[in-house]
Every structure is written in C-alpha cells, then in structure tokens.
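Structure, as structure tokens:
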Amino acid sequence: MQMKRFFLCAGAVCCLAAAPYKPTTVRQPAHYLATDAATVEDTCPGQDIFTPFTCTKQTPPGYTCFDVYIVQGDPIAKERYTLLDQTLTTEQTSPEPRCTFQELTCEHFLEALAYNLDFSWFITNFPSSSFPACAETYSCTRIACLLPDATSTAQHPVSKKLSCVFKKNQTFFLGTNVTCQDKKAARTAQ
C-alpha cells in the first residue's frame, strides 16, 4: 500500500514538473520618468516604449527587465509645457498686462504662472501655423506680458514685451521593473 502511494505521489510530481511553462508578468510599482522619449531606456525585449511589456513563453522564468511605456495625460508640472518660441521686443505702450517677475524669460514666466496656462489673462492670440508642433496637437498657447523700459516716461511709455509660445505635453513615460514567473510558482509563492 505504501509503495502504491509512493508511485502515485511520484507520478503527480512528474506531471507537475512536465506541465508546460505558463508565463505571468509581475510588475513593481511604476514611477514617473519624463516626457521626452530620447531620455528613457527600455531594457525589455523589443525595447518598445509605446506599450507595456508582457512575458511570453520565450522569456524564461526569473527573467527581469526595466519596462518603459507611454501614458496619456498631464506630466509633472515642470514638464507640462515645451517652449517653441521666445521673443523679447520693445514697444511704445504702457506695461499691460504687467509681468509679475523681473528676469524676462519664458522659463520665469511659466514659473510665475505655476505651470498652468489654462485660464491665464496673459494669453494672447493662438500661435500661427508656422509652428508644426501646434498643427499636430492643437495644444499650443501664446502668452505675453510687459515691463516698463528704463527709457519710459509718462508722456512716452516704452515697455519690454516678452512673448512665449508653449506646446502642452499630453503624454509622458512611466517605468517599472518586470519579472517573468511561471504561474504555478507565482501561485505557490502567494
């Protein structure tokens, strides 16, 4: 009787060992990387940064890689916009709307607006079609503000005008460590 049990147990173990490998993809929590595809690196097979990697029967159990994939939505505040154009001109006008910062750069302008151009009173006309990136996404904004020039007088107001064109970034990249496991092993580990 004990011999019969032994062969039954041994047979069951052999059947389990001979069962085909069923891969499962185990992902660590994802974290934010960037908006620029040139700054990210996917180490998974195919290095596809546009879709998440999924383990297959060709990837052995225990295989690990760093998976990068694109996500639609708002990036972190500092990467929400890409500067397309910056101009600084002198105009014969009073400084309205007045810049709320002294160093006239688009970077400082964006910081002063807390990286939010959605409902700013600094928005002027929409950028022209001279910006191909705007025609592709329809998500560009031109903002402008003025500061009084040193030569300005009450009778002859002169202002420095800062004008910036920004494209809103609508995608960003996440990255996560991935491990391929056999579904059987993953179930017994839980």
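Values as computed for the structure displayed
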| read-out | value |
| --- | --- |
| Filter result (modelled with pLDDT of 80 or more, open to solvent by 60 Å² or more (accessible area, probe 1.4 Å), within 19 Å of residue 170 (Cα to Cα) and assigned to a loop (DSSP other than H, G, I, E, B)) within the range 116-152 | 116, 118 |
| Residues satisfying the stated conditions in the range 35-64, i.e. surrounded by 17 or more Cβ atoms within 10 Å (Cβ to Cβ) and among the hydrophobic types (A, V, I, L, M, F, W, C) | 40, 44, 49, 53, 55 |
| Counted residues, the range 80-111 - those being of a type in the set (A, V, I, L, M) and open to solvent by 50 Å² or more (accessible area, probe 1.4 Å) | 3 |
| Meets criteria (basic (Lys, Arg) and under 30 Å from residue 151 (Cα atoms)) for residue 98 | yes |
| Meets criteria (modelled with pLDDT of 95 or more and in a helix (DSSP H, G or I)) for residue 66 | no |
| In the range 69-79, the residues that are part of a strand (DSSP E or B), open to solvent by 50 Å² or more (accessible area, probe 1.4 Å) and of a type in the set (Val, Ile, Thr) | 70 |
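The values are calculated or read from the model by the stated rules, or taken from the named source; none is laboratory data. Just so it is clear, the structure is predicted and the values come from calculations on it, not from any experiment. Glycine gets a Cβ as well: all are built from the backbone with ideal geometry, and neighbour counts include every protein chain shown. All accessible areas refer to the heavy atoms of the entire protein, side chains included, with ligands and DNA or RNA removed. Shrake-Rupley method; radii C 1.70, N 1.55, O 1.52, S 1.80 Å.
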